[in-house]
Every structure is written in structure tokens, then in C-alpha cells.
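Visitor: This structure is in C-alpha cells; I'll ask about it shortly.
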Amino acid sequence: MEELKNQPARCQSCIIVDSECRILVAYFGVRSALNTNRHMPKKSRAEDFFDRAKPISKLYENATRDDMGPAAIYDGLPESMCTQQYQMTQHMAAWNQPPFSPRDVRHVDSPEDDGAEDDKPDPRLVRLPHHPKSVLPYPKPILEGRPYKTSPHDWKPPKEVGFIWERSGAYHHCHAWKQQGTKVNDVIGPSADMTGSSEHVSAVKEFFVWTTEATIFVAEIFKELFPAEYETYAKDFAHGAWIREDPGPFLCHVTVYKLQVFLHRDGLDGGPTVTFPTGYFKGGAMIFTDVRAKYSAGHICFAMAHHLYHAVEKWEAIPCPPEVAQRRITPGRISTVHFMHLKTLQTLEDKSKDWLIQTNGGVNSVIPQPLNPNKAAAKKVGRVRKKEREAEQQARKKARTK
């Protein structure tokens, strides 16, 4: 890890595969304009690269930004989509304060330290540069510095010219999430960050609407790289989607809102994960210790995150351009992660379309089947006619007895 910190980050697009040609990491950054080979990552499978693959020891040969030169072809998320993703994420955070767990080792350097002392900053807050003449960014929600419910301190951010303090945290927007504390194996449902007040739900749905373009962009690359996994994800998405505005095929989304990311492995994931950062920052390179790879920030990265340990190099916020700051946007690094939870995949494997909604996440074990109106009407007519025949038979009997 320490050796990789001093290593220059690779920015050239590439795919890392194992000895059986299974993709471990696929990175979409930039490539030399001189490389016009038609077999580029967006157009082919890992097998197309295997015959001409190089050993991992040559990963950084002519692959850093200084090696690429000014003429380069960009393979990452277009700038317009990055801006849209960043702005709409911050807009959502203005209505829904980012959740923060003080014991999450992925984002807290010292999980035991919750900042309870009066002289320590509230660890949920991040200090960001901001032009004093710019419009303040949603001052009511995200600038509040209220302490934890379990914390005795009431630390308030100091007022500094050119800086603001903003809430940070991680959202887990999951359509189908394994419920805790239940004995029913098939009971799943939307995560808490997807629900809440009407204001909360409206902001989440708006977020999905205005980030659809970026989601579809990375989904198309995912389909090319992992066709079998894409088919499985898409099928399970049809079974477990809770918000229709999400185009899929990922049922789980994490938004790391202006937090640092420390070394970890996402052991509960069920397959490939895709992540891309947006915002205004320096540093923040993606590091995979198992394959000794370090990638430049701001690009798309697919990885088997449940197998590979990874972290993000420490980043620092840089001031936004004036025209951006005027739109009430503050700097920082926001990372978007799309993935599938392993237990969710296992639960939805043999289910039908809209199963999550039709069974309340498995609470109702049997999907109610409405009666066919024509059959119901026919049964009613049959009962009436049967009663009429019985009445006629009774009348004949009485007539004979007389």
C-alpha cells in the first residue's frame, strides 16, 4: 500500500485478467491517439486482449499521464454527465443529509474516535474551500453541524473566510436489500436511504431521473465486458426493482459523499462492481493492492471488489470554477458505486417479474391471482340457473302430489 502511494497513477485504459482470462479490473481512462487499434475495451471482451496481454509488472510502461502526451482519446464518463451527476447528488444531499457511520472502517480512519471531545471537529463534517462572494450551497440542510445523538459534545464549525463546513456520509440506495433480524430467508426490501419522509423519497426519485444518462452509459460498457453477469443482473432487476425511474441493471447503489475511502474489501457483493468519481479535487487515485495497480481519479473502473482489496488515495478539495460556484455547488469528491448484493441475487434468482412489489419483498409468500371477470360472471350465472332448476323440480313434485 505504501509503495503504491509513491507510484505514479496509471491513466491509460486497460483490462487486467487472471490466468483463466477472467476480468479482475477494467479501467476506462485515456489512451494515446496513436493507438487506433479497433480492439478497444468498449468494443470487445477480455478474450480479445488475452493473446497480446502483458505481464502485470509492465502495467506502468508508457501508461501515466506524462507518457500519454497532449493528444489522447478519452474513454471515461463525458464531462457533461460528470457535472450532471455531481450537481444532482449535491442537490439530493441538500434535502437528505448524508448518513454517516462513525464505526465504518471504510470511511473512518479511527472508528473508535467519534469526535466526542469538545476540541475535536465533528467527524461528519468536511472543510471545503468556497469563494466568499459565491451563493451559499443550500445553507439550511447540509451546513448543519449537529452532533451525534450518542455524542455529548456540541462542536460548532468555526466561521472562516473562504471556507465552509459541509456534511459528509454514504448513501445506500438499494431496491432490494436483505432485511436484518428476520427468520424468513426470502424477505428483502428497499434500504432505509430509499424510503423515509415524502420529501426524502421525492428527492431520491428525482436523483434517479436526472442521473439516468450516466447510469445507462456505464451499463452499456458493463454489458460488453460481462455479458453473462449483465443478463443475470438485468433479470434480477426486473424481479426486484422498487423505483421505476432507475434504468438498471444494478439494484444497489452507494454514493460516497465527500468522504475518504480506506483499504477494504466488499465481501458481501455478488459480482462485478463499477465506480466513478465526480467533483473538484486533487489526489483521490484508485488503488488495488492485490494487483498492485493505481489508477488516476475521474475515470470509470470495473472490479471484482468482493475479491480485491482497494482504497482511494487521500484527496483534497479544490475551489470550483466561479461559474460553477454560482450554481450553489461546493467542491469535493463524490464517488458513485453500482453493484449487486450477493444475498439479493440468490433471493431473486427464481422469482418472477415485479416479485418484490407484488409480494412486499417476500412477506406474502404467494402472489394473489385475481379471478378472471368472465369466469366469475359465468360461475354466478351457473349458480342462478341451478337454483332455477331446483325450484322447477320442487314445483313439479308438488304438482304430482296433488
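Visitor: Give a residue-ordered list of calculated ³J(HN,Hα) values for region 347-355 (Karplus: 6.51 cos²θ - 1.76 cosθ + 1.60, θ = phi - 60°; whole Hz; x for Gly, Pro).
Guide: For region 347-355, the Karplus curve yields 6, 8, 4, 10, 8, 9, 4, 6, 4 Hz.
Visitor: For residue 74 paired with residue 234, estimate the spin-label separation in nm (one decimal), with each label point 7 Å from Cα along the Cα-to-Cβ line.
Guide: So the two model labels end up 2.8 nm from each other.
Visitor: Given the peptides 299-308, 195-204, 238-247, arrange them by the average over their residues of other C-beta atoms within 10 Å, most packed first.
Guide: Working: 299-308: 20.9, 195-204: 13.6, 238-247: 18.5.
Listed from highest to lowest mean packing, they are 299-308, 238-247, 195-204.
Visitor: Past 25 Å, Cα to Cα: identify those pairs from 258/353; 258/294; 54/343; 353/380; 54/258; 159/294, in the order given.
Guide: On the way: 258/353 36 Å; 258/294 20 Å; 54/343 36 Å; 353/380 32 Å; 54/258 36 Å; 159/294 37 Å.
Over 25 Å Cα-Cα: 258/353; 54/343; 353/380; 54/258; 159/294.
Visitor: If neighbour count is taken as other Cβ atoms inside 10 Å, put 363, 25 in order from fewest to most. Don't skip to the end; give the middle numbers.
Guide: On the way: 363 13, 25 22.
Fewest-to-most Cβ neighbours within 10 Å comes out as 363, 25.
Visitor: Quick one: if you stick a label point 7 Å off each Cα along the C-beta vector at residue 397 and residue 244, how many nm between them?
Guide: Between residue 397 and residue 244, the simple spin-label model gives 5.7 nm.
Visitor: Can you put 16, 73 in order of Cβ neighbours within 10 angstrom, beginning with the fewest?
Guide: 73, 16
Visitor: Follow-up question, since we're still on this one. I'd like the Karplus ³J(HN,Hα) series for region 316-331: coefficients 6.51, -1.76, 1.60, θ = phi - 60°, whole numbers in Hz, and an x wherever there's a Gly or Pro.
Guide: Whole-Hz 3J(HN,Hα) from phi for region 316-331: 10, 6, 10, x, 6, x, x, 5, 7, 4, 5, 8, 6, 10, 9, x.
Visitor: Got a sec to turn the phi values of region 333-339 into Karplus ³J(HN,Hα) couplings, 6.51 cos²θ - 1.76 cosθ + 1.60 with θ = phi - 60°, whole Hz, x for Gly and Pro?
Guide: Each residue's phi maps through the Karplus curve to give 10, 10, 10, 9, 10, 10, 7 Hz.
Visitor: Taking a point 7 angstrom from the Cα of residue 7 along the C-beta vector, which residues in region 281-308 have backbone N less than 16 Å away?
Guide: Residues 284-297, 308 qualify, since their backbone N sits under 16 Å from the label point.
Every number in this text was worked out from the coordinates using simple rules, so none of it is lab data. A quick note: this is a predicted structure, and the numbers were derived from the prediction, not measured. Neighbour counts are summed over all protein chains in view; Cβ atoms, including those assigned to glycine, are modelled from backbone coordinates with ideal geometry.
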